[in-house]
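Written out below as structure tokens is the structure these notes cover.
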Amino acid sequence: MRICFQRFSSEDNDLYRGQVHEVLTHLCYVPVSEDKATAIAKDTNEFSTLDFQDFCDFVERYTQYEREVVRVKLEEWTAREKEEDDEADAIAVLPLMCWG
């Protein structure tokens, strides 16, 4: 984390809030919403820059957000798969009911 922070931080050893999206993309976070990343950075620290500890806190918060987004998407996908399976089962039963 420190190496990544140093790579993107200024000479003052601070990371500008506007850079957090780029840092998350560099760290391979998915999905990276620039607006959400900036909002989480604002919640982490009211200043326009983050020091290393703030950056670590920000990454932890963003990780929690990312996990929640992935969890919701997986639940949606699972529900959609179940609906498709139920629909396929119903379609398979229809001929039996009609030709009984």
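General remarks:
- Close pairs (6 angstrom Cβ cut-off, 6 or more residues apart or separate chains): within 12 Å of TYR62 (Cα to Cα) and modelled with pLDDT under 90 in the stretch 16-41, in a helix (DSSP H, G or I) and β-branched (Val, Ile, Thr) anywhere: VAL32/THR25
- Pairing each residue of the stretch 1-14 that is at pLDDT 90 or above with any residue that is charged (D, E, K, R), provided the two are 6+ apart or on different chains, yields C-beta distances under 6 Å for ASP14/ASP51.
Okay, residues lined up against (1) among the hydroxyl-bearing types (Ser, Thr, Tyr); (2) in a loop (DSSP other than H, G, I, E, B); (3) over 20 Å from the mean Cα position of the chain (by Cα):
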site: ASN13; (1), (2), (3): no, yes, yes
site: VAL32; (1), (2), (3): no, yes, no
site: ASP57; (1), (2), (3): no, no, no
site: GLU60; (1), (2), (3): no, no, no
site: ARG71; (1), (2), (3): no, no, no
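The values are calculated or read from the model by the stated rules, or taken from the named source; none is laboratory data. Note that this is a predicted model, so its numbers are computed, not measured. No Cβ is skipped: glycine too gets one built from the backbone with ideal geometry, and neighbour counts run over all protein chains shown.
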